[in-house]
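Here the structure is laid out as structure tokens; the discussion comes afterwards.
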Amino acid sequence: MKVKVLLLVLPIMVFAILMCLSKMKWRGCCQYVTPNCDPWSPSKCNNKLIGARAVGSIGSPDDETGHGTHVASTAGGTRVYNAGVLGQARGVAVGMAPRAHLAMYKICTANKDHKNECTDHDILGGIDQAINDGVDVLSLSIDTPKDHMEEDSVVKATFAGLKKGILASACAGNGGMFPSRLVNDVPWILTVGASSMDRVVKATVKLGNGMELEGQSAYQPSSFSSSTMLELIYPGEIVKNDFNRACKSASLNFFDLKGKIVVCETWLTNDIAKSEAVKKHGGAAMILLSQSWDGFTTFSEAHVIPTAHLNHVDSLKVVSYFRTEANPTTTIIFGGTKEGVRRSPAVGSFSSRGSSLRNGGILKPDIIGPGVDILAAWNKQVGPDPSGSDDSAFNFAHGCSMATPMLAGIIALLKSTHTDWSPAMIKSAIMTTAHTTDRTGQPIADEKSNTYDKASFFAMGAGHVDPTRANDPGLVYNTTLEDYFGYLCSLKQLSDFSIGIITRQRAFHCADYVKIEPEQLNYPSISVSMNNALVKKITRTVINVGQSNSVYKVEVDDPEGVSLKVDPESLTFSQMYEEKSFTVTFNAKIPHPFKGEYSKGQLVWKSNGLKEYAVRSPISVQF
Ligand SMILES: *[C@@H]1O[C@H](CO)[C@@H](O)[C@H](O)[C@H]1NC(C)=O
């Protein structure tokens, strides 16, 4: 069965959709300007890209920024041999669901700063069109924060998708530096955060005092001499202001950068714009320093001059060297591509974190997937390429935009192997099989912490996606449309009228539905608010999708401040698709954490039959 992927285009984000039906169901087209499927000239569609549309007043489906191309190839790109970026990270590039068909919907346009701008109207129009065209999966690399659900086009459009059995993978956001700046957090969306990988493209800074600091850059010209120490200049320390720190091009006019290595900070402008500004002013190279909230997350980007991007801890060493040394000097030593040298996966510092402020306390993000230095197709050559090779166009990019199509591709794969699974079952399979330890066996770390602290559930949700395990989860948590209506009705901030807008049902009445509090929704993760109560009890129901005859036993790690009792403690199944319910009782302990604080634990159903399953739900308790 082939899977179709649809993509829409935006830079802070894009959106893709995958499908698993045959192309027969497909009603989309390659459309240029007019609404009646006039060909995109000359037709750029083929058996891979089966649909492309420009939505609303957007003129053409062409990708102006590279973002849409990158996310599309990540979701469903076919195998490309010898791919690389400026000669680095060479190898086979392939999307998550390489046999998927793709359709792309351009819902944003590039503004003069090369950032995408998207209107709510076009977002809604684009996703509606995609659903109407017959896509199977939505990949929404979109980050358009809205305080109210009823104003949020993604909420409305994905609800319509849900009614047709379409699961959306969507960005948690790139607002990691702020607390609770999380988007796309409704329970019917798979909300995706970004993790880093074990690969670095090494660029080591050597300071005049002999200290060596390991950074990254994709641009590694052999013509750059690492044996010559050059003068180090730091505009943001010489005249302290934000523009100088950021190396805004105009502010660099006041400095003589010729032949020097220039220190710039991650701030205000994007990283490539900084290396372009330094180049324009005659600088020989750039050292890019990270802010405290950037933590350990560095990028191997396609810079235009020799560059080394340092993590925050190492950045501070450059600052103190510059401040204390009368004649500071430095050089950069390029080390090429190295794998297995970065602690991974770890949560990218920029990845948005919960708690979610508008979904009634449901734990978000749901999952993390690779979203740092992702190599995928690009809309044009980047460079200069020091190897002079004519690589087809690939680039590294980072963001929840890159993690989202990874998960969309995985959804497409699961959908093609489990054609009868509902969106909630697919989501459950992905979440309950996620892993919480990294390649070294330690707990997944948070790169935002400058000491590699263990990532909290608000950073990584259920954990890091494991596609193979997700394909055979043992048990799944299902949710019906009625459940979501009942859930919406329990949210105090929503009136019947607002729910009517979200679900696009006229004359909607909560009186027609059984209210389901957020903590009672049959969700694969568990969040409970004690809110001064001494006892709380929730119910969950699982469906057996593993072995027909199987016995599961519960294992619980109590969150601090409560003791948990699960009833029953064992579930026995004798056939496939059999359902079993259980309750979890939360008994508050004295003393327990202060009001408003969170603690966390987990509940795992384990079976040791012919196959071993572990079906894990993270538990978050708010006091
Ligand atoms: C899961 O829920 C959907 C409704 O959302 C329903 O159609 C489907 O039958 C359920 N699956 C199982 C196995 O119960």
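The values are calculated or read from the model by the stated rules, or taken from the named source; none is laboratory data. Predicted, not measured: the structure shown is a model, and the values here were computed from it. Cβ sites come from the backbone with ideal geometry, for glycine too, and all protein chains shown count toward neighbours. The protein model used for the area step is the full one, side chains on, heavy atoms only, and it has no ligands, DNA or RNA in it. Shrake-Rupley method; radii C 1.70, N 1.55, O 1.52, S 1.80 Å.
At a glance:
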{"quantity": "Label point distance in nm, Ala393-Lys595, each placed 7 Å from Cα along Cα→Cβ", "calculated": "5.7"}
{"quantity": "FRET E, pair Asp256, Asp420, Förster distance 56 Å, beta-carbon r, rounded to 0.05", "calculated": "0.25"}
{"quantity": "Loop-located chymotrypsin sites (Phe, Trp or Tyr not before Pro) in region 137-233 whose Cβ has at most 16 other Cβ within 10 Å (DSSP)", "calculated": "none"}
{"quantity": "Shape category assigned to region 456-556 from the gyration tensor of Cα positions, a/c cut at 1.5", "calculated": "prolate"}
{"quantity": "Candidate lysines for bridging to Lys611, where Cα separation is under 17 Å - those fewer than 8 sequence places away on the same chain excluded", "calculated": "Lys553"}
{"quantity": "Under the Debye formula (equal points on every Cα, no solvent term), log10 I(q)/I(0) of the chain at q = 0.08, 0.10, 0.11 Å⁻¹", "calculated": "-0.58, -0.89, -1.05"}
{"quantity": "Whole-angstrom gap from region 286-326 to region 459-489, using each part's C-alpha centre", "calculated": "40"}
{"quantity": "Average accessible surface area per residue within the chain, 1.4 Å rolling probe, Å²", "calculated": "39"}
{"quantity": "Gain on full stretching of the segment that runs from Ser225 to His148 - 0.36 nm per residue minus C-alpha separation", "calculated": "22.2 nm"}
{"quantity": "Spin-label pair Leu357/Lys163, simplified geometry with 7 Å Cα→Cβ offset, distance in nm", "calculated": "3.0"}
{"quantity": "Over region 200-338: Rg over Rh, Cα atoms, Kirkwood Rh", "calculated": "0.91"}
{"quantity": "Unsatisfied cross-links (Cα-Cα over 31 Å) in the set Lys202/Lys364; Lys206/Lys248; Lys427/Lys448; Lys274/Lys380; Lys48/Lys163; Lys164/Lys580", "calculated": "Lys202/Lys364"}
{"quantity": "The chain, accessible surface, carbon-and-sulfur percent (1.4 angstrom probe)", "calculated": "52"}
{"quantity": "Peptides 189-202, 130-143, 517-530, 596-609 ordered by average Cβ neighbours within 10 Å, highest first", "calculated": "130-143, 189-202, 517-530, 596-609"}
{"quantity": "Alpha-carbon Rg with Dmax, taken over region 469-623, Å", "calculated": "17.5, 51"}
{"quantity": "Full-stretch length increase - Thr78, Asn549 - with 0.36 nm per residue and alpha-carbon distance subtracted", "calculated": "165.7 nm"}
{"quantity": "Mean separation of Cα contacts under 8 Å, 6 or more apart, over the residue count of region 522-622: relative contact order %", "calculated": "37"}
{"quantity": "Antiparallel DSSP beta bridges within the chain, as percent of all bridges there, nearest 5", "calculated": "65"}
{"quantity": "Ranked by how many other beta carbons lie within 10 Å on average, peptides 502-508, 283-289, 270-276 from highest", "calculated": "283-289, 270-276, 502-508"}
{"quantity": "Extension gain, Met211 back to Val319 (0.36 nm per residue minus Cα-Cα distance, nm)", "calculated": "37.6 nm"}
{"quantity": "Built amide H within the under 5 Å cut-off of Glu265, gap 5+", "calculated": "Ala246, Cys247, Leu289"}
{"quantity": "Relative contact order for the chain, counting Cα pairs under 8 Å that sit 6 or more residues apart, in percent", "calculated": "14"}
{"quantity": "Listed peptides 71-83, 468-480 by packing density, highest first (mean Cβ within 10 Å)", "calculated": "71-83, 468-480"}
